[in-house]
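The values are calculated or read from the model by the stated rules, or taken from the named source; none is laboratory data. Not measured: the values here are computed from a predicted model. For neighbour counting, all protein chains shown are included, and Cβ atoms are generated from backbone atoms with ideal geometry for every residue, glycine included. Quick note on the areas: whole protein, heavy atoms, side chains included, nothing else; ligands and nucleic acids left out. Shrake-Rupley method; radii C 1.70, N 1.55, O 1.52, S 1.80 Å.
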Amino acid sequence: MKDQVGALIANGIPAAALNSMMPDEERQRIRQHCMQGKIKLLYISPERLMNELHWLLPRMDISLIAIDEAHCISHWGHDFRPEYAQLSVLKDNFPTIPIVALTATADKVTRDDIVRQLKLKDRQTFISSFDRPNLSLNVRRGFTKKEKIAAIVHFIQAHKNKSGIIYCMKRSDTEMLAEELATFRIKTTAYHAGLLPQRREKAQDDFINDRVDVVCATVAFGMGIDKSNIRWVIHYNMPSSIENYYQEIGRAGRDGMKSDTLLFHSLGDMIILRRFAQESGQNEINMEKLKRMKKYCETDICRRRILLSYFGEEATEDCGNCDVCKNPPQRFDGSILVQKALSAIYRTEQKANIKTLIYILTGSDREEIIEKEYDRLKTYGAGKDLSYKEWKEYIYQMIQLGYIEIDYTTNHKLRVTPLGQQVLFGEIRAELATYRSSEEKGIYTKGRGKQGFRYRPIRPKVSTTVEETLLDSLHQLRKQIAEKEQTLAYIIFSDDSLSDMVDKKPITIEEFGEIRGVGQIKQAKYGRIFVALIRFVLRLPKE
Ligand code: ZN
């Protein structure tokens with residue numbers, strides 16, 4: 001509420017917020033202003049509403065009531081909050097005033113429930129597209145922890161000085177990552193529900209005010225954060241549903257400008273998430289949601305099409321802005337590889353897990369292999385020509401394709417499925433996607449250093465274009481003004497406005513008024529100083 005009120009005031013619209021945290025005198029003052037007609041838009045928290053009806057009802061001529069995050073009113077929504085339930089009194093008290101309920105993620109059941117609970121009659125439903133074409137979609141799997149960190153560092157260096165969020169499943173990972181990134185001089189903070197409230201608030205504040213670029217957070221972070229210039233979101237682990245994933249990546253690029261998303265997933269994530277789902281008390285729904293999420297990660301068709309179809313929208317064309325579209329997998333006849341793996345599984349009497357299976361195939365002389373006499377199997381060393389990582393990738397594909405299944409109840413032992421048997425006996429062919437190493441996928445550069453694996457920093461550019469210098473200067477000016485006015489940088493001007501200034505290079509106050517996001521008030525307030533800066537960078541005389 002605070003951020004939105006700030007943004008409205010900056011645009012010359014008188015607004016205020018009433019909540020239970022503020023002192024009573026402050027609330028009294030706001031009520032007075034409302035009754036004097038000085039406030040155009042009033043924000044009230046749902047728990048505050050009942051206490052404010054006594055003056056709203058008789059004294060105010062309200063023209064519209066809007067309910068934001070309306071999915072919180074429904075048990076079917078993914079974020080039910082009990083204090084929203086009392087919003088049902090609105091229609092009883094204000095029967096003739098139009099009510100609009102707004103939400104970004106609600107499926108059909110939730111939408112119908114919202115209408116019922118708010119007692120809306122003669123209602124109309126407006127559904128806009130779920131498509132966010134400015135977000136690139138990228139998914140990687142099977143990275144080790146060390147590789148993930150290297151890839152993340154590389155990714156952040158390619159998005160220098162841009163804001164981003166890294167979502168982690170575990171609290172300890174948020175802190176571990178923040179520490180790791182700090183060693184690369186990346187301005188980072190950690191955020192999770194286990195931190196003291198002051199530390200959480202500071203982390204959030206530092207991020208919103210651009211004092212840190214990166215927040216490593218659990219999913220507890222992001223609710224109610226209205227920061228329009230988040231340029232990227234990384235998932236360190238797989239989310240538990242597409243709704244969650246969509247909501248979390250949706251925090252990037254709210255200003256409509258190009259933003260990037262990257263998701264890492266592994267079999268390990270899947271095992272943990274399965275357990276969560278089974279213990280959740282809503283086993284069936286959550287397992288189904290998890291299955292859909294997994295499918296999204298493992299697809300080899302355009303990811304955006306899958307995302308849109310999940311929300312009931314049909315896309316007729318590939319998006320060209322996801323990793324599958326940009327880098328389609330190469331396929332080959334992998335029947336022999338599959339046969340080798342399946343036959344090894346049979347020869348262990350289906351007692352091997354993935355690791356053991358790979359050790360057998362690559363002919364490892366580890367104790368655990370020799371002890372069980374797996375070195376005497378006919379398939380021992382039958383796949384020596386491939387590395388551990390290559391086998392891991394191919395076995396993962398065999399699981400995905402339904403040739404092998406994992407028995408989660410018995411220490412993740414592998415079993416051959418009936419479909420797998422058909423490949424084993426040569427009845428059907430198995431197509432696999434060619435393994436590509438991380439380097440081939442262009443994720444990170446290998447360099448020297450301790451442990452033989454270290455990120456090689458990008459060298460600063462020697463020549464900088466006028467546009468780059470201008471953008472940089474505009475950013476700095478915006479930051480200085482925000483600090484002086486004690487507000488947020490993007491409330492002064494969005495990234496989109498700054499980039500429009502770079503494109504159009506306005507050198508008069510009138511031209512400045514033509515920039516996207518510059519209204520009369522901002523033109524009058526900031527026009528002179530911005531135009532002066534632009535003229536300075538372009539080496540033009542003062543106006
Ligand atoms: Zn695509």
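Each row is one residue, and each column tells you yes or no for (1) free of Cβ contacts under 8 Å to residues at least 60 places away in the same chain; (2) in a helix (DSSP H, G or I).
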| residue | (1), (2) |
| --- | --- |
| 122 | yes, no |
| 125 | yes, no |
| 136 | no, no |
| 146 | no, yes |
| 149 | yes, yes |
| 174 | yes, yes |
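Filtered by the rule that a residue be touching a residue at least 24 places away in the same chain (Cβ under 8 Å), out of contact with any strand residue (DSSP E or B) (no Cβ under 6 Å at 6 or more places or on another chain), assigned to a helix (DSSP H, G or I) and under 30 Å from residue 54 (Cα atoms), the range 91-120 gives 91, 92, 93, 113, 117. If you go through the range 131-173 and pick out every residue that is under 21 Å from residue 230 (Cβ atoms), charged (D, E, K, R), away from the ligand (no atom under 16 Å from the Cβ) and open to solvent by 30 Å² or more (accessible area, probe 1.4 Å), you end up with 2.
Apart from one condition, residue 277 fits all of (1) out of contact with any Gly (no Cβ under 9 Å at 6 or more places or on another chain); (2) among the hydrophobic types (A, V, I, L, M, F, W, C); (3) within 16 Å of the ligand (Cβ to nearest atom); (4) over 28 Å from residue 226 (Cα atoms); the exception is (3).
Looking at 369, 358, 345, 306 in this structure, which one is part of a helix (DSSP H, G or I), within 16 Å of the ligand (Cβ to nearest atom) and open to solvent by less than 40 Å² (accessible area, probe 1.4 Å)?
Working: 369 fails: within 16 Å of the ligand (Cβ to nearest atom); 358 fails: within 16 Å of the ligand (Cβ to nearest atom); 345 fails: within 16 Å of the ligand (Cβ to nearest atom).
Step by step, each of 369, 358, 345, 306 is checked, and only 306 is part of a helix (DSSP H, G or I), within 16 Å of the ligand (Cβ to nearest atom) and open to solvent by less than 40 Å² (accessible area, probe 1.4 Å).
Of the residues 289, 295, 340, the single one that is of a type in the set (Lys, Arg), part of a helix (DSSP H, G or I) and within 16 Å of the ligand (Cβ to nearest atom) is 295.
Being buried (at least 19 other Cβ atoms within 10 Å of the Cβ) and not polar (S, T, N, Q) narrows it down to one residue among 489, 482; which is it? Walk me through it before giving the result.
Numbers: 482 fails: buried (at least 19 other Cβ atoms within 10 Å of the Cβ).
One residue alone meets the criteria, 489.
List the pairs whose first member sits in the range 321-342 and is of a type in the set (Lys, Arg), whose second member is modelled with pLDDT of 90 or more and more than 16 Å from the ligand (Cβ to nearest atom), and whose Cβ atoms are under 8 Å apart, counting only residues at least 6 apart or on separate chains? Filtered contacts from the range 321-342: 340/361; 340/379; 340/382; 340/383. Scan the range 228-269 for residues that are open to solvent by 20 Å² or more (accessible area, probe 1.4 Å) and in contact with a Leu (Cβ under 9 Å, 6 or more places away or on another chain) and jot them down. The answer is 240, 246, 258, 260.
Scanning the range 176-216 for residues that are free of Cβ contacts under 8 Å to residues at least 24 places away in the same chain, open to solvent by 20 Å² or more (accessible area, probe 1.4 Å) and either touching a Phe, Trp or Tyr at 6+ places or on another chain (Cβ under 9 Å) or hydroxyl-bearing (Ser, Thr, Tyr) (or both) returns 183, 199, 200, 204. Out of everything in the range 19-50 that is part of a helix (DSSP H, G or I) and without any contact (Cβ under 8 Å) to a residue 12 or more places away in the chain, what residue ends up being farthest from residue 127 (Cα to Cα)? Among them, the one singled out is 25. Pairing each residue of the range 250-261 that is in a loop (DSSP other than H, G, I, E, B) with any residue that is small (Gly, Ala, Ser), provided the two are 6+ apart or on different chains, yields C-beta distances under 6 Å for 251/222; 252/259; 253/259; 254/228; 255/228; 255/494. There is at least one residue in the range 153-166 that is at pLDDT below 95 and in contact with a His (Cβ under 9 Å, 6 or more places away or on another chain).
Contact map, the range 286-308: first residue without any contact (Cβ under 8 Å) to a residue 40 or more places away in the chain, second residue open to solvent by less than 10 Å² (accessible area, probe 1.4 Å) and within 9 Å of the ligand (Cβ to nearest atom), Cβ cut-off under 8 Å, separation 6 or more or different chains; pairs are 302/322. Could you list, in sequence order, the residues of the range 114-130 that are within 26 Å of the chain's Cα centre (by Cα) and open to solvent by 60 Å² or more (accessible area, probe 1.4 Å)? Result: 126, 127, 128, 129.
Hey, can you tell me all the residues within the range 99-130 that are of a type in the set (Asp, Glu) and either in contact with a Leu (Cβ under 6 Å, 6 or more places away or on another chain) or at pLDDT below 85 (or both)?
So the first thing to find is which residues in the range 99-130 are of a type in the set (Asp, Glu), and the list is 107, 112-113, 122.
If the condition is that a residue be of a type in the set (Asp, Glu) and either in contact with a Leu (Cβ under 6 Å, 6 or more places away or on another chain) or at pLDDT below 85 (or both), then 107 is the only one that fits.
From the list 518, 502, pick out the single residue that is open to solvent by less than 80 Å² (accessible area, probe 1.4 Å) and assigned to a helix (DSSP H, G or I).
Only one candidate qualifies: 502.
Scanning the range 484-494 for residues that are touching a helix residue (DSSP H, G or I) at 6+ places or on another chain (Cβ under 9 Å) and part of a helix (DSSP H, G or I), we see that the one that is modelled with the highest pLDDT is 492. Search the range 406-438 for residues being in a helix (DSSP H, G or I) and of a type in the set (A, V, I, L, M, F, W, C), and hand back the single one that is surrounded by the fewest Cβ atoms within 10 Å (Cβ to Cβ). Restricting to residues being in a helix (DSSP H, G or I) and of a type in the set (A, V, I, L, M, F, W, C), the top hit is 419.
Among the residues of this structure, residue 16 counts as one that is in contact with a strand residue (DSSP E or B) (Cβ under 7 Å, 6 or more places away or on another chain), open to solvent by less than 20 Å² (accessible area, probe 1.4 Å) and more than 19 Å from residue 88 (Cα to Cα).
Filter the range 314-336 for residues that are away from the ligand (no atom under 14 Å from the Cβ) and open to solvent by 30 Å² or more (accessible area, probe 1.4 Å); which is nearest to residue 426 (Cα to Cα)?
Step one: list which residues in the range 314-336 are away from the ligand (no atom under 14 Å from the Cβ), which gives 314, 330-336.
Next, from what is left, pick out any that are open to solvent by 30 Å² or more (accessible area, probe 1.4 Å): 314, 330-333, 336.
Details: 314: 38, 330: 22, 331: 19, 332: 16, 333: 12, 336: 9 Å.
Going through the qualifying residues, I end up with 336.
Checked against (1) open to solvent by 60 Å² or more (accessible area, probe 1.4 Å); (2) closer than 27 Å to residue 246 by Cα, residue 85 passes all but condition (1).
Which fully enclosed strands (runs of 3 or more DSSP E) of the range 186-247 have 1 or more residues being more than 27 Å from residue 272 (Cβ to Cβ)?
Here the list reads 230-235.
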